[in-house]
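K.L.:
Sharing a structure with you now.
The values are calculated or read from the model by the stated rules, or taken from the named source; none is laboratory data. Fair warning: this is a prediction, and the values are worked out from it, not measured in the lab. Please note: Cβ atoms are built from the backbone with ideal geometry, for glycine as well, and neighbour counts cover all protein chains shown.
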């Protein structure tokens, strides 16, 4: 990696400190540049960088890199039971369901309940959802434990999930078979305890559908909007869950 950085810096007369290089795979790196002008200078129309010691092939990075097309084409209603009141928030539901669907709307009644977290989502196959899983919440350490406790205390809550397909989801293709599960059919999810849980009304359903019950004939797209093309990604900013995006930076691949 140092050879790649020094080669690029020397070729384009750039200070090495301005080049952020991250491993991206076998003999492949992600180069992050601070400005668009510097990016175009290094990219140089995709021409390879050839020296006596190295040959680097340059390509523009996009979110399509190493990806394949997929879709979440089945509209479902999901009911989650077992979420404790202190974790009653959308981020908990996203953590539990992240592998199985993209959450589109939280039922308006969920804000005033603490027994059933109701939502609607897009998924590829309702059979993928596990009927049971564990929610394991990491507890904040006590002052005395911080110095002497090698691990972290957790509280584990049993979660049950019920999924029903919306009749008007217009799914044309037969869903693929579900993946293998554990012997007891359960899964486990971990999350860090939130100090200030809150319900976000930004994810509630449109006002026109608020008066309808889950059993009513509400048009699917009134609840779910356009079909999702990617799962909802919830970025947590704590030591156990950390993610982010450098939207203002410019990236390319070198290898």
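K.L.:
What number goes with the only condition from (1) loosely packed, with under 13 Cβ neighbours inside 10 Å; (2) at pLDDT 90 or above; (3) over 25 Å from residue 155 (Cβ atoms) that residue 73 does not pass?
P.N.:
Exception for residue 73: condition (1).
K.L.:
Hey, could you check region 96-115 for residues that are out of contact with any helix residue (DSSP H, G or I) (no Cβ under 7 Å at 6 or more places or on another chain) and crowded, with 17+ Cβ neighbours inside 10 Å and say which is farthest from residue 78 (Cα to Cα)?
P.N.:
108
K.L.:
Sticking with this one: Sort out which residues of region 11-54 are assigned to a helix (DSSP H, G or I), touching a residue at least 40 places away in the same chain (Cβ under 8 Å) and surrounded by 13 or more Cβ atoms within 10 Å (Cβ to Cβ), and write them in order of number.
P.N.:
Start the filter on region 11-54 by keeping residues that are assigned to a helix (DSSP H, G or I), which leaves 11-12, 16-18, 36-46.
Checking the rest, the ones that are also touching a residue at least 40 places away in the same chain (Cβ under 8 Å) come to 11, 36, 38-39, 42-43.
The answer is 11, 38, 39, 42, 43.
K.L.:
Kindly provide the set of residues from region 55-85 that are touching a strand residue (DSSP E or B) at 6+ places or on another chain (Cβ under 6 Å), more than 30 Å from residue 160 (Cα to Cα) and assigned to a loop (DSSP other than H, G, I, E, B), ordered by number.
P.N.:
Selection gives 61 alone.
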